[in-house]
Amino acid sequence: MCRIVPLPTDEHFWILPELRIEANRSFLLRYTHLLTRHFAAAAFSVDCRSDRASDAVRLVTATMLVVFTDRLCRIVSTDTPSLFARHYSGRVEGPVLPFVLDAGVFAEESSYSLLLWPELSTARASALEYFQTLQTAVVDDHRERQQLFQFDVAGVKVGPAETQLIEQLGLNLGLGGTCREYVPQLLSGEMSDVLDHCPELGWLRDVVFLSKIVLNSNGEKLPNPSRKGYRSSDARLQWRVEKGKITVEGFGMKNLDQCAGYSKDDGAGVSRANKMRHMIDQWKKKGKCRSVPSMANPSTLCDGNEETHSEEDVLYLKHLPDFDGALSPSQIERILAILTAPYVRIPLLLAFFSDRDRCGALANPRLQMVLDAALYEPGRWTSTPQSTMAFKIPGPVENTYTRDGLLMNELLHCPEQIAVAVGDLVDAAAERDTGRDTAPSQRCILYAARLVARVCIYVGHVSELYSGKVEGEKMDECMSILRSKLTGKIWSIVSRWCESSMRKRRYEDANCAHAHLLLLAAARGSFEMDDEETSEVYETVLKAQVYLSMHHSWSDSEIPSGVLGGIYNVEVMNVFTLFRRPIYLRLRADQTWASGVLEEVVEMVSSSNNQSASRRLWEEQSGLLGVFIPQSDSNHEEKGEERPYVEWLRGVTQPPALTINVNLGRITLKQHQLSTLPEWALQFPDFAEVFGEETTTESIQAYVVISRDGQ
């Protein structure tokens with residue numbers, strides 16, 4: 001969504017004259033509100049307490065929807081200007097001031113979010129810069145009358161700014177001075193006199209509220225994840241005034257408003273320096289935290305309650321994390337000391353683990369999480385370039401803050417150093433390959449594959465978006481080093497493991513290998529590719545999508561290190577979304593290539609090896625975009641001239657025996673979609689007796705023949 005929703009800095013979009021037409025502006029606002037409801041329903045359906053990647057996507061996307069809505073609300077149309085837009089932007093005649101929103105705790109919460117995709121870092125920086133720009137319009141003496149919807153601080157209350165806005169709108173609508181008395185009812189919509197004429201106010205109110213509760217760090221107050229999933233109707237907020245207080249209903253909760261006001265509740269008596277300590281305590285003792293705390297914080301790693309903010313604190317630690325013996329105590333102290341200096345932690349940690357003697361330690365899942373957090377957590381944000389800051393010794397801590405995140409900052413200033421370190425780490429990991437896909441070194445090699453893929457995606461984004469800020473020769477050298485690692489031994493090793501796991505029917509290992517090939521393919525797609533490489537990448541993505549849709553249980557709870565051997569479900573879905581249209585267009589344009597690839601998909605699913613010279617031709621099913629069928633199953637007699645109409649109608653309305661849907665990555669046999677076995681089937685003794693007690697849901701494919709009463 002961060003690729004689709006225009007950034008607030010994208011002036012090519014915001015200067016479009018079509019946005020100055022009220023019908024277009026209102027259309028976008030209405031559907032942004034609906035989109036936010038759909039997004040909130042999906043976000044709260046997922047349990048993010050162990051899924052840091054999904055939690056990061058949730059935070060950034062929710063905030064971007066607020067930014068997009070706010071920017072639209074400030075546009076004053078040229079044909080029929082909206083009353084709300086003129087008052088909200090402060091462009092109405094009279095002694096009025098514009099109303100503004102603030103970022104709330106987004107800057108702090110997102111500073112330790114796991115931003116695995118560079119678009120999230122860019123969107124975060126743009127959103128924070130936008131909110132900072134809004135604050136320039138605030139007059140100090142009138143701050144309370146301009147700051148709207150501070151749900152995170154004040155809870156769901158009517159403040160001076162809400163009262164001022166409702167009063168201005170009410171006076172212009174002819175409601176008279178009595179509108180001040182009924183501000184809560186007018187804001188909630190129980191008295192619809194204002195919202196009938198200014199629906200944007202209700203849309204903005206809902207979008208901001210949903211965004212603010214997503215940022216609540218106390219997971220106990222948020223809607224409980226639903227295994228069946230929430231619907232957009234569940235995200236329809238019902239605002240009411242009861243006993244002088246505003247209440248909000250939604251997601252099956254009558255007191256959804258309790259999710260707000262968290263900044264005041266959690267922040268009372270908790271300084272900014274101790275915010276992370278408070279979050280860690282919630283996670284370790286009560287499990288109330290919205291998501292896993294930052295693994296790049298030394299205090300998170302220590303088993304005791306010691307505060308670790310400097311190298312001196314590390315020296316006096318009574319309890320060191322052991323990481324299952326992967327590192328010596330002195331090496332662990334070195335890592336903890338590096339983590340106390342976030343601004344320089346990335347090159348130091350990469351240099352540490354790229355050593356051939358220490359690379360094997362990355363087989364430990366906790367160490368993998370530490371390095372991931374150090375790389376992909378953006379850290380504190382600032383809009384002020386370091387070059388404009390005053391030079392002091394010792395320098396203020398603000399000098400270590402970045403605009404685009406720590407990894408983006410490294411790639412903007414010294415990309416070759418990062419590329420060399422990542423390349424050395426990949427080489428050191430590949431040397432540990434023993435030829436067996438079950439060797440202890442497997443986890444280390446797979447981590448190296450994830451690392452080079454994710455860093456390559458970041459490099460591709462930097463070279464495309466910030467081409468004027470980096471030296472072309474340095475970036476070209478960096479891309480050359482990383483690209484050689486993508487297509488080298490790592491690709492061959494993971495491909496070999498994938499084939500071996502599928503052949504031996506070790507479905508969990510095959511899922512893991514397919515997911516890593518998928519991520520490597522996405523990284524290769526971030527560079528320019530020739531026709532042969534494009535075909536290989538598209539084929540890899542399509543095969544992985546079909547295989548994972550059949551053998552992977554998407555509803556399984558995530559684990560902090562990633563359920564697919566270190567890759568998160570949200571990453572996999574993101575790659576599918578990126579490649580869906582290019583793959584579809586290639587399949588339509590080249591039937592010969594499409595037929596070969598789709599036949600290989602069928603062979604992979606059926607575990608057969610059909611090398612016959614005559615293969616079926618595949619084509620897109622008439623009327624169903626993205627659904628491909630063998631040409632022998634298609635109906636060419638569309639006009640029904642050579643047989644009775646009833647037979648023709650039956651033929652075109654009944655789906656063929658075999659279809660492959662490239663939109664969803666699903667293969668269908670006789671109208672039935674193959675998927676993993678439901679968990680409830682494993683509970684029957686007869687099933688265990690027939691198939692064995694070691695049978696898992698991934699080892700057997702099934703499809704629903706008939707469903708009665710939800711069973």
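The values are calculated or read from the model by the stated rules, or taken from the named source; none is laboratory data. Since the model is a prediction, treat every value here as computed from it, not as a measurement. Every residue, glycine as well, gets a Cβ built from its backbone with ideal geometry; the counts of neighbours run over all protein chains shown.
So which of GLY189, GLY250, GLY229, GLY159 is touching a strand residue (DSSP E or B) at 6+ places or on another chain (Cβ under 8 Å) and within 21 Å of VAL46 (Cα to Cα)?
Details: GLY189 fails: within 21 Å of VAL46 (Cα to Cα); GLY229 fails: touching a strand residue (DSSP E or B) at 6+ places or on another chain (Cβ under 8 Å); GLY159 fails: within 21 Å of VAL46 (Cα to Cα).
Only one candidate qualifies: GLY250.
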Could you list all residues from the stretch 46-74 that are farther than 21 Å from PRO378 by Cα and not in a helix (DSSP H, G or I)?
VAL46, ASP47, ARG74
Taking the stretch 466-483, which residues are touching a residue at least 12 places away in the same chain (Cβ under 8 Å) and either out of contact with any Asp or Glu (no Cβ under 9 Å at 6 or more places or on another chain) or not assigned by the TED database to the domain that holds MET529 (or both)?
LYS469, VAL470, MET479, LEU482, ARG483
Can you report the number of residues in the stretch 233-266 which are out of contact with any Phe, Trp or Tyr (no Cβ under 9 Å at 6 or more places or on another chain) and part of a loop (DSSP other than H, G, I, E, B)?
6
From the list SER54, SER50, pick out the single residue that is surrounded by fewer than 20 Cβ atoms within 10 Å (Cβ to Cβ) and modelled with pLDDT under 95.
SER50
Return the only residue of ARG586, ARG581 being over 20 Å from the mean Cα position of the chain (by Cα) and either crowded, with 18+ Cβ neighbours inside 10 Å or assigned to a helix (DSSP H, G or I) (or both).
ARG586
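In this structure, does PHE151 turn out to be surrounded by fewer than 24 Cβ atoms within 10 Å (Cβ to Cβ), within 28 Å of the chain's Cα centre (by Cα) and under 19 Å from TYR88 (Cβ atoms)?
In short, no.
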Of all residues in the stretch 347-377, how many are under 10 Å from ALA296 (Cβ atoms) and in contact with a Leu (Cβ under 8 Å, 6 or more places away or on another chain)?
9
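Can you tell me which residue in the stretch 216-225 is nearest to SER113 (Cα to Cα), limited to those that are polar (S, T, N, Q) and over 19 Å from the mean Cα position of the chain (by Cα)? Full working, then the answer.
Within the stretch 216-225, the subset polar (S, T, N, Q) is 216-218, 224.
If we keep only those that are over 19 Å from the mean Cα position of the chain (by Cα) as well, we get 218, 224.
On the way: ASN218: 15, ASN224: 21 Å.
My answer is ASN218.
Would you check if there is a residue in the stretch 221-231 being farther than 17 Å from THR163 by Cα and aliphatic (A, V, I, L, M)? Outline the logic, then answer.
Step one: list which residues in the stretch 221-231 are farther than 17 Å from THR163 by Cα, which gives 221-231.
Narrowing further to those that are aliphatic (A, V, I, L, M): 222.
Within the stretch 221-231 (the criterion being farther than 17 Å from THR163 by Cα and aliphatic (A, V, I, L, M)), the answer is yes, since at least one residue qualifies.
Only one residue in ALA43, ALA85 is in the same structural domain as ARG143 (by the TED database), under 28 Å from the mean Cα position of the chain (by Cα) and not basic (Lys, Arg), so which one is that?
Numbers: ALA85 fails: under 28 Å from the mean Cα position of the chain (by Cα).
Of the residues listed, the single one that is in the same structural domain as ARG143 (by the TED database), under 28 Å from the mean Cα position of the chain (by Cα) and not basic (Lys, Arg) is ALA43.
Being assigned to a loop (DSSP other than H, G, I, E, B) and closer than 23 Å to ARG432 by Cβ is the filter; apply it to the stretch 344-384 and report the residue that is nearest to the chain's Cα centre (by Cα).
Looking at residues that are assigned to a loop (DSSP other than H, G, I, E, B) and closer than 23 Å to ARG432 by Cβ, I get ASN364.
Are any residues in the stretch 166-206 touching a residue at least 12 places away in the same chain (Cβ under 8 Å), in a loop (DSSP other than H, G, I, E, B) and surrounded by fewer than 22 Cβ atoms within 10 Å (Cβ to Cβ), and if so, which ones?
Those that are touching a residue at least 12 places away in the same chain (Cβ under 8 Å), in a loop (DSSP other than H, G, I, E, B) and surrounded by fewer than 22 Cβ atoms within 10 Å (Cβ to Cβ): LEU173, LEU175, GLY189, GLU190, ASP193, HIS197.
Those residues that are among the charged types (D, E, K, R) and either buried (at least 23 other Cβ atoms within 10 Å of the Cβ) or under 31 Å from the mean Cα position of the chain (by Cα) (or both), I need them from the stretch 57-82; list them, please.
Taking the stretch 57-82 first, the residues among the charged types (D, E, K, R) are 58, 70-71, 74, 79.
Within the stretch 57-82, ARG58, ASP70, ARG71, ARG74 meet the criteria.
Tell me which residues, restricted to the stretch 98-119, are farther than 18 Å from GLN132 by Cβ and in a loop (DSSP other than H, G, I, E, B). Let's see the steps before the verdict.
In the first step, residues of the stretch 98-119 are kept if they are farther than 18 Å from GLN132 by Cβ; the result is 112-119.
Selection gives TYR112, SER113, LEU114, LEU115, LEU116, TRP117.
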Residue among LEU101, LEU97 that is in contact with a His (Cβ under 9 Å, 6 or more places away or on another chain) and either among the polar types (S, T, N, Q) or closer than 15 Å to GLN164 by Cα (or both)
LEU97
Looking at the stretch 1-45, which of its residues are assigned to a loop (DSSP other than H, G, I, E, B), modelled with pLDDT of 85 or more and of a type in the set (S, T, N, Q)?
none
Output the residues belonging to the stretch 39-70 that are aromatic (Phe, Trp, Tyr) and within 18 Å of LEU237 (Cβ to Cβ).
PHE39, PHE44
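Within the stretch 442-457, identify whether any single residue is at pLDDT below 90 and either in a loop (DSSP other than H, G, I, E, B) or farther than 14 Å from PRO415 by Cβ (or both), and answer yes or no.
No, there is no match, as no residue in the stretch 442-457 is at pLDDT below 90 and either in a loop (DSSP other than H, G, I, E, B) or farther than 14 Å from PRO415 by Cβ (or both).
Among the listed residues ALA123, ALA103, ALA127, which satisfies the condition of being outside the structural domain of LEU520 (by the TED database) and in contact with a Phe, Trp or Tyr (Cβ under 6 Å, 6 or more places away or on another chain)? Lay out the reasoning, then the answer.
Working: ALA123 fails: in contact with a Phe, Trp or Tyr (Cβ under 6 Å, 6 or more places away or on another chain); ALA127 fails: in contact with a Phe, Trp or Tyr (Cβ under 6 Å, 6 or more places away or on another chain).
Testing whether each residue is outside the structural domain of LEU520 (by the TED database) and in contact with a Phe, Trp or Tyr (Cβ under 6 Å, 6 or more places away or on another chain) leaves just ALA103.
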Scanning the stretch 304-329 residue by residue, those closer than 15 Å to LEU367 by Cα and assigned to a loop (DSSP other than H, G, I, E, B) turn out to be LEU320, PRO321, ASP322, ALA326, LEU327, SER328
Hey, can you tell me all the residues within the stretch 24-36 that are touching a residue at least 12 places away in the same chain (Cβ under 8 Å) and either of a type in the set (D, E, K, R) or out of contact with any Ser or Thr (no Cβ under 8 Å at 6 or more places or on another chain) (or both)?
ARG25, LEU28, ARG30, LEU35
